[in-house]
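Only the coordinates and a few stated rules stand behind these numbers; no lab work does. Worth saying up front: this structure is predicted, and the values here are computed from it rather than measured. No Cβ is skipped: glycine too gets one built from the backbone with ideal geometry, and neighbour counts run over all protein chains shown.
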Amino acid sequence: MSSASVDFSNIQAIVVRPYGYPFSRHLFFHFAASASAKNFLRDLLARVTTADQGLDSKPEPLLNVGITYRGLVALGVSPAILDSFDAVFKEGPDGGALGDLAPETAPGTWWEKQFVTDDVHCIVSIYCRTESAQASASSYVRALANRLGHSELSPRRDGTSLDGCSLGGGRVHFGYRDGIGQPTVNWTNSTSATADSNQVHYRHFLLGYSDVDVPSYPNDGSGAALAKDSTYMVFRWVYQDVAAFNRFLSERAGDLAPELSSKDAQELLAAKLIGRWRDGTPLVVSPDRPLGNEPPENNFLYSSVDPGGMRCPFSAHIRIANPRDQELDSADRIEAFPRLIRRGMPYGPELNSTEDDGVDRGLLGSFLCSDIRRQFYTLMGWFNQNSFSPVFAGNRQVQDPICGNRSKDADTSFRVPTSAGPTVIRALPTFTRTKGTAFLLVPSRATLTILSAP
């Protein structure tokens with residue numbers, strides 16, 4: 001990283017690389033007075049993990065801080081600077097733009113109705129190798145907040161923390177290997193051509209570097225100076241209905257591949273839904289079987305290899321999240337391509353049954369970008385309505401099969417092109433449900449220093 005044009009000692013490490021630790025905990029706080037909020041940040045500043053810190057020795061805890069717009073207000077940031085921040089960040093999560101319109105996913109139901117999103121001023125995220133270290137770090141942060149008069153907000157009715165826990169092998173609850181399709185970030189100002197079709201410039205993720213091609217806000221003046229090397233984070237708490245997903249595979253896999261055994265047909269359907277075999281092998285690279293390569297291939301294209309979707313269906317999750325070289329509609333080409341850095345971890349115990357055990361499980365996801373509307377909202381819109389490319393000309397009401405909202409206006413079928421014509425699997429169930437969303441600024445070290453100054 002020595003050749004980078006950005007200062008890694010100034011950036012919270014979670015922006016630059018995944019941690020790979022098995023335990024995470026997210027603590028929510030509502031600030032009291034401005035002075036005590038500054039004291040809280042000043043104490044945490046010395047403990048925040050920055051991107052220049054080596055993780056080879058497996059230090060713990062790794063600690064990161066995010067602050068909402070209302071948290072910035074509570075800290076006493078001047079109105080002129082507050083006005084310069086991104087309008088979507090200031091407004092907070094919009095259930096309509098997110099697709100969270102159904103009664104069970106609307107913002108009024110979030111955080112298990114223990115508080116409203118506007119109450120959140122700060123989230124402190126703690127990552128550890130051991131549960132004992134997690135407990136110790138949590139106790140320190142909670143005691144500090146309590147001493148300074150800040151309120152901890154509990155997002156669960158039973159009062160327990162919002163904790164992530166690895167399932168092993170980088171897997172999430174639907175059985176897929178996760179975290180493969182991250183963009184390769186160009187942390188330098190180099191404009192030389194690269195063979196990596198997945199490479200994205202850091203302006204898409206860091207604030208303070210706004211230009212004509214990749215605008216972000218604050219884009220100049222004191223606001224941009226304050227926010228430099230910070231990023232926006234969308235924190236999402238998403239329930240995953242694993243029993244429903246397992247039942248769907250068991251009951252519907254025969255519709256896709258009646259000639260295969262039940263197990264093989266289920267694995268093929270699972271691969272078609274996501275666009276990769278569950279070990280991470282892309283269907284475009286190997287349409288007939290998983291390859292088990294380490295690491296799984298991520299540098300591939302669609303238009304030249306699979307223009308008809310015969311290998312990877314057009315609505316497969318990874319083909320929506322990153323269409324790569326696939327043609328986009330003119331309206332979508334106007335916008336810079338919506339890539340995100342995603343950090344996530346499953347929560348809740350594993351389930352291998354088609355019967356629901358009533359236990360809460362799912363994914364705690366953090367999505368990092370420099371423009372929430374252009375990047376995050378655009379992708380959420382694509383997930384909920386596949387209408388961004390000419391390949392959907394025949395039906396622009398289909399959805400992402402994994403995380404679509406299944407609204408009454410959507411086509412809940414999944415089309416799998418085959419040599420004999422498309423196989424249509426109808427009536428996709430709802431597999432995910434939003435339980436909470438917050439927009440945060442992940443401040444640089446310099447930003448935290450300014451925010452915490454008396």
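So how many Å³ per residue does the convex hull of the Cα atoms of the chain work out to?
With only Cα atoms used, the chain gives 144 Å³ per residue.
I'd like the trypsin sites (Lys or Arg not before Pro) in the stretch 105-183 restricted to DSSP loop residues with at most 12 other Cβ atoms within 10 Å, sorted by number.
Here the trypsin sites (Lys or Arg not before Pro) that fit, given the DSSP loop and packing criteria, are Arg157.
Order by neighbour count: Leu364, Leu260, fewest other Cβ atoms within 10 Å first, most last.
Final ranking by Cβ density, sparse to dense: Leu260, Leu364.
Using each residue's phi in the stretch 373-385, evaluate 6.51 cos²θ - 1.76 cosθ + 1.60 at θ = phi - 60° and report the 3J(HN,Hα) Karplus result to the nearest Hz, with x for Gly and Pro.
So the J values, rounded to whole Hz, are 5, 5, 9, 6, 4, 4, 5, 4, x, 5, 4, 7, 8.
If exposed means no more than 12 neighbouring beta carbons inside 10 Å and the site is in a DSSP loop, what's the longest run of the chain without any exposed GluC sites (Glu not before Pro)?
105-258
Quick one: what are the phi-derived ³J(HN,Hα) couplings along the stretch 241-251, Karplus 6.51/-1.76/1.60 with θ = phi - 60°, whole Hz, x for glycine and proline?
Listing the rounded values in order: 8, 5, 4, 5, 5, 5, 5, 4, 4, 5, 8 Hz.
Based on C-alpha coordinates, I'd like the Rg and Dmax of the stretch 3-65, in Å.
When restricted to Cα atoms, the stretch 3-65 yields Rg and Dmax of 13.7, 42 Å.
Counting other beta carbons within 10 Å of each Cβ, put Asp329, Asp220 in order, fewest first.
Going from least to most buried by this count: Asp220, Asp329.
Mind listing the phi-derived Karplus ³J(HN,Hα) values for the stretch 78-88, rounded to whole Hz, using 6.51, -1.76 and 1.60 with θ = phi - 60°, and x for any glycine or proline?
4, x, 5, 6, 4, 5, 7, 6, 3, 4, 5
Among Ser57, Ser452, Ser222, what is the fewest-to-most ranking by other Cβ atoms within 10 Å?
Ser57, Ser222, Ser452
With the crude spin-label approximation of a point 7 Å out along Cα→Cβ, what separation in nm comes out for Leu55 versus Arg142?
A separation of 2.5 nm, rounded to one decimal place.
Using the Cα gyration tensor of the stretch 390-445, with a ≥ b ≥ c the square roots of its eigenvalues, what is the shape: rounded (a/c below 1.5), prolate (a/b larger than b/c) or oblate (neither)?
Prolate, since a/c reaches 1.5 and a/b exceeds b/c.
Which trypsin sites (Lys or Arg not before Pro) does the stretch 372-454 hold that lie in a coil by DSSP with at most 11 other beta carbons within 10 Å?
Sparse-neighbourhood loop trypsin sites (Lys or Arg not before Pro): Lys408, Arg426.
Based on DSSP H runs of at least 4 residues, each adding -39500 (n - 2.57), what is the mean residue ellipticity at 222 nm of the chain after dividing by all its residues, to the nearest 500 deg cm²/dmol?
-6500 deg cm²/dmol
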